[in-house]
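Read the structure below first, then the notes.
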Amino acid sequence: MLDAAQILNEAYERARREYSGAIGQRRADLVTPALVLDADAAQRNIDHMATELTRIGGATIRPHFKTHKSPDLARRQVQAGAGGLSMATVWEAAILAAAGMDDLFVVNTVAHPAKIRVLAELARDHRILVAVDEAANAEAHSATAVRAGSTVGIMVEVDTGMDRCGVDTAQDALALARHVTDLPGLRFDGITGYEGHCSLTFDNVLRHQRQREAMNFFTSVAELLESHGIPCPIRSAGGIATWNWTAAFPGMTEIQAGTYVVMDNFHGRMVPGFEHSLTIAATVISRQSGKVIVDAGNKSVADPADVTMVGHDHKVLRFDEEHGIFDAAGGSPLRVGDPVGLVPGYSPSTVNWYDAYHVVQGDIVVDIWPVIPRGPGHHGIADPG
């Protein structure tokens, strides 16, 4: 494995070299589009989640790094009591390990040999967990971990209704867990599932009903394993749309919610109590034909149909690649050159398009934080040989 610490350091140096001129500027003066993070609002979101989980008294949180891809925010989450971190990719795990963090769970099945090798090498010095849903994949992790001289934690993934990865039945989970416990270089740590299908249900009552069905099945799998003598210490699930219900569900040990730190409009309509700490700074570039048109299009803000403009009730007409087009047929005080803030429809994909956060306190940029790793590439972390 190549040096992830060097890649991390270079990312910080590059972000500050390219954007440090913005430090000390007002938010309204930023060159746009720009990814803006209100550090105080993000911290309030982190603290609110920690307080609520303490009040609920159930599961802890292993927040999902994919939401923000920021080691700085991840460090704040850990300092607030997060029990490890979850992430979508091997490269995110490597970056977090290089940033000094531990107890890292890749909440995904991993198949490419180079990626399996990176996990095994990381596991020499860190607690690394990864999802598995078939025996052959577990065997690949086992063989690679043995060669690396490490132990990789295995979480059997259970499909709780997302209809994606994961074993379909409790008996399948039991058979796979038994197999994992017999393989060298592996440690069976528990089960994972994601009731993400519930987040597509905006009605609270129906979403809660579907969440209960998912968690009843999920926890029954853990009970079956333990009844057959296989300890299941970790039962990990729970996205942001169901975080409080899953955290309080009997038998659950941790949730993987992530969007709460920055929040977006897609999740915000279902999950009250968290602030929009993430916005996109944009500039009005046209006021023709009863419209307000800004310089942030669908290459700058994800889920554009759900985008809102801070302080202005202009509905989205459409987003083109470099144009955000809002309805202003009823008039608007905005003029060409005016700064505006946009709240993303969906935050993880929005963040993935940017190199760096412009971190603000009040209206002043106080720091630049890199977004790393962004995109699907391995950024030189893996040697394909």
### Task
Mind telling me which of the residues Arg147, Arg207 ends up being under 24 Å from the mean Cα position of the chain (by Cα) and part of a helix (DSSP H, G or I)?
Arg207
### Query
Do the conditions hold for Met155, that is, is it of a type outside the set (Asp, Glu), touching a residue at least 40 places away in the same chain (Cβ under 8 Å) and assigned to a strand (DSSP E or B)?
yes
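Matching residues to (1) open to solvent by 60 Å² or more (accessible area, probe 1.4 Å); (2) among the polar types (S, T, N, Q); (3) touching a strand residue (DSSP E or B) at 6+ places or on another chain (Cβ under 8 Å):
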site	(1), (2), (3)
Lys299	yes, no, no
Glu322	yes, no, no
Ser347	no, yes, yes
Asn352	no, yes, no
Asp355	yes, no, yes
Asp367	no, no, yes
Pro373	no, no, no
#### Entry: Selection status of Val221, under 22 Å from Ala59 (Cα atoms), aliphatic (A, V, I, L, M) and over 24 Å from the mean Cα position of the chain (by Cα)
yes
### Message
I'm trying to understand the selection: among the residues of the stretch 273-297, which are under 14 Å from Leu35 (Cα atoms) and not in a strand (DSSP E or B)?
### Response
His276, Ser277, Asp295, Ala296, Gly297
### Unique match (being of a type in the set (Ser, Thr, Tyr), surrounded by fewer than 23 Cβ atoms within 10 Å (Cβ to Cβ) and touching a residue at least 60 places away in the same chain (Cβ under 8 Å)) among Thr279, Thr308, Thr253, Thr259
Thr253
### Query
Within the stretch 163-201, can you find the residues that are under 12 Å from Asp133 (Cβ atoms), among the hydrophobic types (A, V, I, L, M, F, W, C) and part of a loop (DSSP other than H, G, I, E, B)?
Cys165
### Query
From the residues in the stretch 331-385 that are part of a loop (DSSP other than H, G, I, E, B) and of a type in the set (Val, Ile, Thr), which one is farthest from Val292 (Cα to Cα)?
Ile381
### Query
Does at least one position in the stretch 172-183 carry a residue that is of a type in the set (Gly, Ala, Ser), open to solvent by 20 Å² or more (accessible area, probe 1.4 Å) and touching a helix residue (DSSP H, G or I) at 6+ places or on another chain (Cβ under 6 Å)?
no
### Summary
Looking across the stretch 184-215 at residues that are under 29 Å from Ile116 (Cα atoms) and among the aliphatic types (A, V, I, L, M), the single one that is least open to solvent (accessible area, probe 1.4 Å) is Ile191
### Query
Of the numbered conditions (1) closer than 19 Å to Asp203 by Cα; (2) not in a loop (DSSP other than H, G, I, E, B), Met270 satisfies every one except a single condition; which is it?
(2)
### Task
For the stretch 317-337, indicate whether the set of residues that are out of contact with any Phe, Trp or Tyr (no Cβ under 6 Å at 6 or more places or on another chain), in contact (Cβ under 8 Å) with a residue 24 or more places away in the chain and closer than 22 Å to Arg17 by Cα is non-empty.
no
### Task
With the checklist (1) closer than 20 Å to Asn137 by Cα; (2) modelled with pLDDT of 95 or more; (3) out of contact with any Gly (no Cβ under 7 Å at 6 or more places or on another chain) in hand, flag the one item Gly229 doesn't pass.
(1)
### Candidate set: the stretch 227-249, residues that are among the hydrophobic types (A, V, I, L, M, F, W, C) and in a loop (DSSP other than H, G, I, E, B); chosen: the one surrounded by the fewest Cβ atoms within 10 Å (Cβ to Cβ)
Ile230
### Query
If a residue has to be within 13 Å of the chain's Cα centre (by Cα) and open to solvent by 10 Å² or more (accessible area, probe 1.4 Å) to count, how many in the stretch 91-124 make the cut?
2
### Message
So, Phe218, is that one aromatic (Phe, Trp, Tyr) and open to solvent by 20 Å² or more (accessible area, probe 1.4 Å) or not?
### Response
no
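So that you can scan it fast, the table gives a plain yes or no per residue for (1) within 21 Å of Ala28 (Cα to Cα); (2) hydroxyl-bearing (Ser, Thr, Tyr):
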| residue | (1), (2) |
| --- | --- |
| Asp295 | yes, no |
| Val301 | yes, no |
| Asp313 | yes, no |
| Glu321 | no, no |
| Ser332 | yes, yes |
| Pro344 | yes, no |
| Tyr357 | yes, yes |
| Asp367 | yes, no |
### Query
Are any of the residues in the stretch 70-83 free of Cβ contacts under 8 Å to residues at least 24 places away in the same chain and polar (S, T, N, Q)?
yes
### Task
Please determine, by comparing only the residues of the stretch 125-145 that are of a type in the set (A, V, I, L, M, F, W, C) and free of Cβ contacts under 8 Å to residues at least 40 places away in the same chain, which one is surrounded by the fewest Cβ atoms within 10 Å (Cβ to Cβ).
Ala136
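The values are calculated or read from the model by the stated rules, or taken from the named source; none is laboratory data. None of the values given here were measured: they were computed from a predicted structure. All Cβ positions, even for glycine, are placed from backbone atoms using ideal geometry, and neighbour counts span all protein chains on display. Accessible surface is based on the protein model in full, side chains and every heavy atom, while ligands, DNA and RNA are left aside. Shrake-Rupley method; radii C 1.70, N 1.55, O 1.52, S 1.80 Å.
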